[in-house]
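The structure under discussion appears below in the form of structure tokens.
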Amino acid sequence: METTTSVEALRAQVSDWRRQGERIAFVPTMGNLHAGHLQLVREARAMAPRVVASIFVNPLQFGPNEDLDNYPRTLEADRQKLVAKGVDLLFAPAVETMYPRGAQRSTRVEVPDVGQGLCDDFRPGHFTGVATVVARLFNLVQPDVALFGEKDYQQLAVIRRMVDDLGWPIDIRGVATVREADGLAMSSRNQYLGEEERRIAPLLYQTLRWLVSEVKAQKTDYRALERAAMARLAEAGFTPDYVEIRHADSLQPVSMGELNCVVLAAARLGAARLIDNLRVE
Ligand code: PAF
């Protein structure tokens, strides 16, 4: 696997593959790779003869009081995992390479509707940061297909919408959330949890499962269910940001009767902010 920090080297390799008519699958990440990321790579491998991964901790998607400085950076260990999974090229640029004029002075991509509400209410500017960096990465890598974890459900919706609105010929694939044995969704931020918090953390997933079963039962108003789920989390020691039952595609609020739903939650537990979601199928 070649590793490059340079746009020129990335472009040269991508052009070479394109000339040979080879399809390219792309897995963008912020590094600190866990089994969830490796599942993205595995599916990418099955979809195209060439797989590009990127590792870039994107300052534009972190708020002023968030964990940009502490975000775990483990490039060498990540590299080895990607080699073992048969990735062809790793792009690991510096901040100055991605934002030559500075992150705050770069052109931005803002996605309305699906990019508003939910996490955006608690992390203003986050999805603009995500859409901006993913747009730049897509233009550099020019992939045929790109893969993202379904754990970040709203992020996936934002990227799908951006690609659709801008007319890029990129197939966006969501990959099922990989969970620990007790149900906790894998996330780099799980390592911020202390021992007692780690014990409590799977309750987020359990609460979502309960919520899905209640939605399916169609006995209780959705707003009342959301409030009950928030109360469950608070009682267990979380500080919930939101628990919402939304339309699975538009992410708009829905009322009882609508079954094409996703239940989404974000909650803080100690130093970690955890997010998770489940489709009502
Ligand atoms: O999901 C992530 O790791 C990041 O938000 C992404 C998509 C790599 C953009 O920085």
Exercise. Of all residues in the range 245-262 being among the aliphatic types (A, V, I, L, M) and over 16 Å from Val114 (Cβ atoms), which is surrounded by the most Cβ atoms within 10 Å (Cβ to Cβ)?
Worked result: Met256
Problem set entry | Residue under evaluation Leu251, criteria (1) assigned to a loop (DSSP other than H, G, I, E, B); (2) touching a Lys or Arg at 6+ places or on another chain (Cβ under 6 Å), criterion not met | (2)
Problem set entry | Some residue of the range 63-79 being more than 30 Å from Ala271 (Cα to Cα), touching a residue at least 24 places away in the same chain (Cβ under 8 Å) and touching a Leu at 6+ places or on another chain (Cβ under 8 Å) | no
Exercise. In the range 190-214, which residue that is buried (at least 18 other Cβ atoms within 10 Å of the Cβ) and of a type in the set (Ser, Thr, Tyr) is farthest from the chain's Cα centre (by Cα)?
Worked result: Thr207
Problem set entry | Lone qualifier among Ala25, Ala53, Ala44, Ala48 - being surrounded by 17 or more Cβ atoms within 10 Å (Cβ to Cβ), more than 16 Å from the ligand (Cβ to nearest atom) and under 20 Å from Leu156 (Cβ atoms) | Ala48
For this session: Check Leu75, Leu89 and return the single one that is modelled with pLDDT of 95 or more, within 15 Å of the ligand (Cβ to nearest atom) and of a type outside the set (Lys, Arg).
Result: Leu75
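Take the residues of the range 175-189 that are assigned to a loop (DSSP other than H, G, I, E, B) and surrounded by fewer than 17 Cβ atoms within 10 Å (Cβ to Cβ): which is nearest to the ligand (Cβ to nearest atom)?
Out of the qualifying residues, it is Ala176.
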Exercise. Of all residues in the range 148-174, how many are more than 10 Å from the ligand (Cβ to nearest atom) and either more than 21 Å from Ser187 (Cα to Cα) or of a type in the set (A, V, I, L, M, F, W, C) (or both)?
Worked result: 14
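Residues checked against (1) within 14 Å of the ligand (Cβ to nearest atom); (2) buried (at least 20 other Cβ atoms within 10 Å of the Cβ); (3) part of a loop (DSSP other than H, G, I, E, B):
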{"site": "Asp69", "(1), (2), (3)": "no, no, yes"}
{"site": "Arg79", "(1), (2), (3)": "no, no, no"}
{"site": "Pro100", "(1), (2), (3)": "no, no, yes"}
{"site": "Thr107", "(1), (2), (3)": "no, no, yes"}
{"site": "Asp120", "(1), (2), (3)": "yes, no, no"}
{"site": "Leu137", "(1), (2), (3)": "yes, yes, no"}
Problem set entry | Hey, Ala131 within 15 Å of the ligand (Cβ to nearest atom), in contact (Cβ under 8 Å) with a residue 24 or more places away in the chain and in contact with a Pro (Cβ under 8 Å, 6 or more places away or on another chain) or not | no
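The values are calculated or read from the model by the stated rules, or taken from the named source; none is laboratory data. Bear in mind the structure is a predicted one, so any value in this text is a computation, not a measurement. Heads up, the Cβs are rebuilt from the backbone with ideal geometry, glycines too, and the neighbour counts pull from every protein chain shown.
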